[in-house]
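Reading through the structure tokens given below for one structure.
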Amino acid sequence: MQAACTDATKVVKQSPETHFNHKDDEMKKIIYCASLLAFGACNSYAQSTVTLYGRVASGLDFVTNVATPNGQSKNNYRFGSDQYGYSWFGLTGDEDLGAGVHAVFKLESLFTAGNGQTPPNTIFTRDAYVGLADDKFGSIWFGEAMSLTDETGWYIDPLGEQVGIGVGNFAFGRAWGPRSNVVTYNSPKWSGFSFRVQDGFGNEAGNFRGGRQFSVSAQYTLTSFAAYGVYEEIHDAKGNYSDLYAASREYMAGATYTLGGLKFYTGYQQLVSSGQDTVATSFNPFAATRSQQEWIGASYQATPALSVQAAWYHGNVNHGGGTGNLGAIGSTYNLSKRTFLYLTVGAMFNGKTAAFPVETADSQPLPGHNQQGGYFGIMHYF
């Protein structure tokens, strides 16, 4: 059979996710396996297409007032691999089965550009699913897939759900990442409306609720207006909602409105855990059971190459968790269709007992201390 691979450099833009480390040679193994998969698929199925794609991001980063083990505050100037968004690469496949039905798959893995490392003991950390897609009835996937909350946050965050500064700060990245052992249904679009359902299994004998996940999302888009909503529940190993930022219920809603080159954003997020089951963690030392966040912001396409974003986020946590306010501005400048420069700076203003970080993933301040941070660098898609 003749090879049928097309569009081998197609760019797939998605939202960013979770940071991991692994051995340096793991990346070589992954790329080698991915190349064999792409080559084999291209030469075995005349009706199919396989696309290899990815992106790489790196830069410099700084954070002030980082809490140290001895109770002091220090500034941190460091290499920045993932603050704007994680680096990844992946493979997607599509085979035309006829009558508008397609067999599809997706394999996507994270890596850190600063050291070339990948997640420990894993290969495809974002997506690893296979399924069927129909032109009229939508698609269904079986396997690991990105969460519906992650997708929704990307749409309604003025900064595009950056890993460093943005909608994830007051929820410590609760919405991010993949969901394992899930079945995901994606509806077609009817007059601007569409929805998705994702059901995950804990795979534990005698405990159907243990480790389970369920979520549903919906969106409605018009020419200038778009509205989004999502609900997700994640159970711990015992089937309870015991961790406000890991095993809990999440509600998120937001809207955007576009006026020429100006786009306005607003959103709301609430996390809820069980009062009788919630345990204290490093992110939740008071065993709080409710976290609320609201935000507003805007982006402006000043020129075809230059875009500017600005946003204000407010968070509130019960049981003494405190309040915080985060102000941020960012900018991107396109050097080409595949490469752009980025710059984001922010300031977190914490209440007396709060210790929200200016960057989501790490480097919390001492309780009641404010924090500033920022990063700049370059992103390239392939």
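The values are calculated or read from the model by the stated rules, or taken from the named source; none is laboratory data. Only a predicted model underlies this, so the values are computations on that prediction, with no experimental measurement involved. Counting neighbours? That spans all protein chains shown, and the Cβs are built from the backbone with ideal geometry, glycine included. Calculation scope for accessible area: heavy atoms of the full protein, side chains included, ligands and nucleic acids excluded. Shrake-Rupley method; radii C 1.70, N 1.55, O 1.52, S 1.80 Å.
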Q: Any residue in segment 352-375 that's at positive phi and without any contact (Cβ under 8 Å) to a residue 60 or more places away in the chain: show its pairings with residues that are in a strand (DSSP E or B) and open to solvent by 10 Å² or more (accessible area, probe 1.4 Å) at Cβ separation under 9 Å, as long as the two are six or more apart or on different chains.
A: Gly368/Gly322; Gly368/Asn350
Q.
Quick check on Lys238: is it more than 22 Å from Trp154 (Cα to Cα), open to solvent by 50 Å² or more (accessible area, probe 1.4 Å) and in contact (Cβ under 8 Å) with a residue 24 or more places away in the chain?
A. yes
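From Gly206, Gly229, Gly153, which residue is part of a loop (DSSP other than H, G, I, E, B) and either more than 12 Å from the chain's Cα centre (by Cα) or of a type outside the set (A, V, I, L, M, F, W, C) (or both)?
Of the residues listed, the single one that is part of a loop (DSSP other than H, G, I, E, B) and either more than 12 Å from the chain's Cα centre (by Cα) or of a type outside the set (A, V, I, L, M, F, W, C) (or both) is Gly206.
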Q.
Could you check segment 177-196 and list, in sequence order, the residues that are in a loop (DSSP other than H, G, I, E, B), open to solvent by less than 40 Å² (accessible area, probe 1.4 Å) and at pLDDT 95 or above?
A. Ser187, Pro188, Gly192
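Considering each of Phe105, Phe62, Phe79 in turn, give the residue that is touching a Gly at 6+ places or on another chain (Cβ under 9 Å), farther than 22 Å from Gln162 by Cα and open to solvent by 50 Å² or more (accessible area, probe 1.4 Å).
Only one candidate passes the filter, namely Phe105.
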Q) surrounded by fewer than 21 Cβ atoms within 10 Å (Cβ to Cβ), at positive phi and in a loop (DSSP other than H, G, I, E, B): does that describe Gly275? A) no
Q.
I need the full set of residues from segment 80-97 which are under 17 Å from Gly374 (Cα atoms) and in contact with an Asp or Glu (Cβ under 7 Å, 6 or more places away or on another chain), in order please.
A. Gly80, Gln83, Tyr86
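Can you name the residue in segment 211-225 that is touching a Phe, Trp or Tyr at 6+ places or on another chain (Cβ under 7 Å) and among the small types (Gly, Ala, Ser) and is also surrounded by the fewest Cβ atoms within 10 Å (Cβ to Cβ) among such residues?
Applying the filter and picking the extreme gives Ser224.
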Q: Identify all residues within segment 67-82 that are within 24 Å of the chain's Cα centre (by Cα) and either at pLDDT 95 or above or part of a strand (DSSP E or B) (or both); write none if there are none.
A: Arg78, Phe79, Gly80
Q. Does segment 323-357 hold any residues that are farther than 20 Å from Ser299 by Cβ and surrounded by 21 or more Cβ atoms within 10 Å (Cβ to Cβ), and which are they?
A. Gly324, Met348, Asn350, Ala354, Ala355, Phe356, Pro357
